[in-house]
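Shown next, in structure tokens, is the structure this report addresses.
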């Protein structure tokens, strides 16, 4: 029997179709840590990309704070459409891109800030992690920033029906490689809409 290929887009379109925006496990009204770090490192004209942004409300807060060059990338067109509908006319101020992060066509040395909350821990094979690092190295400008929030050492081993990886600062740094200099890290406990606690590791890297 021929082995079936996993359809990543269909999986995440299904998740975003079945579940309300504030019911998915990673939902958080405001990403306080991400916003604090972005505000400290980037001026309002800095190009920012939120990879795997889905219908996260980070983009709402970035627009509210006056950031002028924001891109949201996600494999799920359903999630992006929901975000556009929520933002209304403000959605015109955002660049939206639907596609798989690992293979998406992204401009070289474009972004001052690369933000990822809850994508990297789904990359369970080395080839996908290497493709992620390649995309980040190619598209973040020199001395730019990578903000990465992934499941911490005591985080879930599965999420949304998929296996995950868990990281500490050292193991995450090792995967990203020497061009990403770790500047800060912290552990944050995220309470899901259903009341369960999930441990997240937040890391801030400079691309050198």
Problem - Among (1) more than 16 Å from the chain's Cα centre (by Cα); (2) part of a loop (DSSP other than H, G, I, E, B), the one test that residue 104 misses - result: (1)
Handout entry: Of all residues in the range 20-44 being without any contact (Cβ under 8 Å) to a residue 60 or more places away in the chain and assigned to a helix (DSSP H, G or I), the one that is farthest from the chain's Cα centre (by Cα)
Key = 40
Exercise for the section: Give the residues of the range 107-131 that are without any contact (Cβ under 8 Å) to a residue 60 or more places away in the chain and surrounded by fewer than 20 Cβ atoms within 10 Å (Cβ to Cβ), sorted by residue number. Expected result: 107, 108, 109, 122, 124, 125, 126, 127, 128, 129, 130, 131
Handout entry: Whichever residue in the range 107-135 is touching a strand residue (DSSP E or B) at 6+ places or on another chain (Cβ under 6 Å) and part of a helix (DSSP H, G or I) and, among such residues, is farthest from residue 203 (Cα to Cα)
Key = 122
Practice task
Take residue 35 and decide whether it is under 19 Å from residue 147 (Cα atoms), in contact with a strand residue (DSSP E or B) (Cβ under 8 Å, 6 or more places away or on another chain) and surrounded by 11 or more Cβ atoms within 10 Å (Cβ to Cβ).
Solution key: no
Fill in the blank from the handout: Of the candidates 170, 188, the one satisfying the condition of being out of contact with any strand residue (DSSP E or B) (no Cβ under 8 Å at 6 or more places or on another chain) and under 23 Å from residue 36 (Cα atoms) is 170
Handout entry: Residue satisfying all of: in the range 193-208; in contact (Cβ under 8 Å) with a residue 60 or more places away in the chain and not in a strand (DSSP E or B); surrounded by the fewest Cβ atoms within 10 Å (Cβ to Cβ) among these
Key = 194
Completion exercise
The condition from (1) at pLDDT below 95; (2) not in a strand (DSSP E or B) that residue 190 misses is numbered (2)
Exercise for the section: Output the number of the condition that residue 56 fails; it satisfies all remaining conditions of (1) part of a loop (DSSP other than H, G, I, E, B); (2) modelled with pLDDT of 95 or more; (3) buried (at least 18 other Cβ atoms within 10 Å of the Cβ). Expected result: (2)
Fill in the blank from the handout: Given the conditions (1) in contact with a helix residue (DSSP H, G or I) (Cβ under 9 Å, 6 or more places away or on another chain); (2) modelled with pLDDT of 95 or more, every one holds for residue 161 apart from (2)
Problem - Answer residue from the range 177-192, given it is in contact (Cβ under 8 Å) with a residue 12 or more places away in the chain and within 21 Å of residue 58 (Cα to Cα) and is surrounded by the most Cβ atoms within 10 Å (Cβ to Cβ) among those - result: 190
Exercise for the section: Assess whether residue 66 counts as being in contact with a strand residue (DSSP E or B) (Cβ under 7 Å, 6 or more places away or on another chain) and at positive phi. Expected result: no
Completion exercise
When every residue in the range 145-159 that is closer than 18 Å to residue 173 by Cα and under 16 Å from the mean Cα position of the chain (by Cα) is compared, the one surrounded by the most Cβ atoms within 10 Å (Cβ to Cβ) is 148
Problem - Residues that are free of Cβ contacts under 8 Å to residues at least 60 places away in the same chain and assigned to a strand (DSSP E or B), drawn from the range 141-176 - result: 148, 150, 151, 158, 163
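The values are calculated or read from the model by the stated rules, or taken from the named source; none is laboratory data. Source: prediction; values computed, not measured. So basically every Cβ, Gly included, is an ideal-geometry build from the backbone, and we count neighbours across all protein chains shown.
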